[in-house]
Each structure stands twice: as C-alpha cells, then as structure tokens.
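Okay, so here's the structure we're looking at.
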Ligand SMILES: NC(=O)c1ccc[n+]([C@@H]2O[C@H](COP(=O)([O-])OP(=O)(O)OC[C@H]3O[C@@H](n4cnc5c(N)ncnc54)[C@H](OP(=O)(O)O)[C@@H]3O)[C@@H](O)[C@H]2O)c1
C-alpha cells in the first residue's frame, strides 16, 4: 500500500474501500449481510486496510457490517473512517452519533471522523465544540470534513483544535469540480489530503481516452481512473465494489505506471 501524509504527521492509505450501498442505501437492507461481511473481509485480506463508511449508509446498518468484518483483524492494522450525518451536528447529537458509530463498529475509536455534509442551519462552533472533545478523549483520532467549499474549510480550520485531516469530495476524470472551485489547490497549500469519492461511477469507464489507454496497457479502465487520481500529489480515493474481481482490479491500480504523456491525455479529457 502507498500512503499520503496527514497534517498531524500520521499517514492514510491512498486507496480505501468505499461502502455506500453495502447494507442498503437510504434504508437498511439485511438481505445480503453474510455476503457483504465476507466481501469486506476479503477486501481487507487483499490489502484494503482503509475503510470508508458513514452512519448514514443503510441507515446505520453499513457500520454494523464493517464492524462484523473488522473483528477478524487486529484493530491497529485498520484505518477506519466514518461520518456524522448533517442532521446530527448539534453538540449533544455529535456525542450520541459517535457513540452509536463506535458501538456498531465494535471499536473504541475511529481513525478519522468526518462531517458528512455541511449544514448551514447549525453553527459550526456547536459541532466543533463536540468534535474537539472527541479528539481530546481519543474516541476520534482525527477530524475531517466532506463536501466542504474553501470558505467552509477555512471556518472549520479556525474552529478545530487539531488540523483538519481531509476534505472528502466528488472528484474523478469527468468531474473536475475540486479543481474548478479551488478546493484541491487549497488542500494542497495546507497539506491536507483530498479524498476523491465516486472515482468510477458516472461514465468514467466508458470514456474513449480511458478505454484506449487501458487497452494499450493491458489493464482495466477502472485502474486508469484510479491511477489518475492517486498519482496526483495529495489525492487519495475510495472506490466501492461488491465484486471480488473488481476489488482486485482496483487495488492493482497501485502497480500501474502510466507515462507523463498518458497522464497529459487523461488531464485533457473534457467532462
Ligand atoms: N462523502 C460523501 O458525500 C460521499 C458521496 C458518495 C460516495 N462516498 C464514498 O465514496 C465511495 C465511492 O463512491 P461511489 O460508491 O459513489 O462510486 P464509485 O466507487 O465510483 O463506483 C461504485 C460503482 O462502480 C462499480 N465498480 C467498482 N469497481 C469497478 C470495476 N473495477 N469495474 C467495473 N465497475 C466497477 C461498482 O459496481 P460493482 O460492485 O459491481 O463492482 C459500483 O456500482 C462510496 O462507496 C462512499 O464510501 C462519499
């Protein structure tokens, strides 16, 4: 595995396992629990030691599945990220949310705790008062944000006693929003790794340039899409798959070595 350095000097694996839709989407789905737990366990065995989940996934059920899979591995070998939902950002609600997440995950700390989406109706002071306490008592090793603009990040950085560890945003070959709105540049300037979500979905694998490079290299389009992200300084990504072959393909993107010319062609893809 390769790593990016976090602002506190720790490190985060550049490739993590996304889990949205495992155990349901907007509601819980218990119908494939054994299969989902087995997939997460096999992913960890393959080398996906960084897992990205959220209390909102499957209305909390996803965290239960991740927790079941984690039992088979030493806790210290894993990097677990979860997220507090935007409706739970009042002080007391943050405490209730983390306690629920830790219980479902079967652990007494998470490596990274993210505000899943900003919520303009709840003052960030309120949220960070709680998050600073969680970081101080060790239930949360690091605090980060998700779907934040530059201005929202600046406010968060003023309120958070520890450095903001990441901003998790949608970023892929066909969606360059973090380049256009300044978030990527801001993260780089502040030594904050940007976590790119949805690296694959949304037509990326069908792009003719991606397909051509994959064909020439004898690799898969998903590997090209993932490699394009993680070869960028300060960018990590968290593809989701429930398919063992796809999981293996995706992690093997770490072994790819595209030329500068190939990267330039990918950079030039128009969304
Ligand atoms: N913070 C946020 O607001 C936010 C928002 C969205 C996502 N996320 C996080 O980011 C993770 C990734 O994003 P995502 O799940 O939206 O999208 P994604 O990882 O870009 O795409 C997932 C889809 O791609 C397919 N796939 C994966 N690998 C493949 C491969 N090698 N070949 C062909 N198809 C492949 C999967 O199907 P198979 O299962 O069949 O492989 C699945 O349908 C999420 O799971 C979640 O953890 C965070």
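Observations on the model:
- Segment 9-46: number of residues that are touching a strand residue (DSSP E or B) at 6+ places or on another chain (Cβ under 9 Å), within 12 Å of the ligand (Cβ to nearest atom) and in a loop (DSSP other than H, G, I, E, B): 3
- Meets criteria (in a loop (DSSP other than H, G, I, E, B) and in contact with a strand residue (DSSP E or B) (Cβ under 7 Å, 6 or more places away or on another chain)) for residue 233: no
- The listed residues are 169, 210, 145, and the only one of them that is part of a helix (DSSP H, G or I) and either within 14 Å of the ligand (Cβ to nearest atom) or modelled with pLDDT under 95 (or both) turns out to be 210.
- Among residues of segment 214-240 that are closer than 19 Å to residue 4 by Cα and free of Cβ contacts under 8 Å to residues at least 60 places away in the same chain, those with a Cβ under 6 angstrom from a residue that is more than 11 Å from the ligand (Cβ to nearest atom) and assigned to a helix (DSSP H, G or I), sequence gap 6+ or separate chain, pair up as 228/266.
- Residue match in segment 3-22 (condition: more than 12 Å from the chain's Cα centre (by Cα) and farther than 21 Å from residue 192 by Cβ): yes
- Segment 187-207 residues that are closer than 12 Å to residue 237 by Cβ and in a helix (DSSP H, G or I), paired with ones that are at pLDDT 95 or above and more than 6 Å from the ligand (Cβ to nearest atom) (beta carbon under 9 Å, 6 or more apart): 204/172; 204/173; 204/174; 204/175; 204/210; 204/221; 204/224; 204/225
- So residue 184, is it in a helix (DSSP H, G or I), in contact with a strand residue (DSSP E or B) (Cβ under 9 Å, 6 or more places away or on another chain), at pLDDT 95 or above and within 8 Å of the ligand (Cβ to nearest atom): no
- Selection status of residue 270, surrounded by fewer than 19 Cβ atoms within 10 Å (Cβ to Cβ), under 17 Å from the mean Cα position of the chain (by Cα) and either closer than 18 Å to residue 207 by Cβ or within 10 Å of the ligand (Cβ to nearest atom) (or both): no
The values are calculated or read from the model by the stated rules, or taken from the named source; none is laboratory data. Predicted model only: the values in this text are computed from it and were never measured. For neighbour counting, all protein chains shown are included, and Cβ atoms are generated from backbone atoms with ideal geometry for every residue, glycine included.
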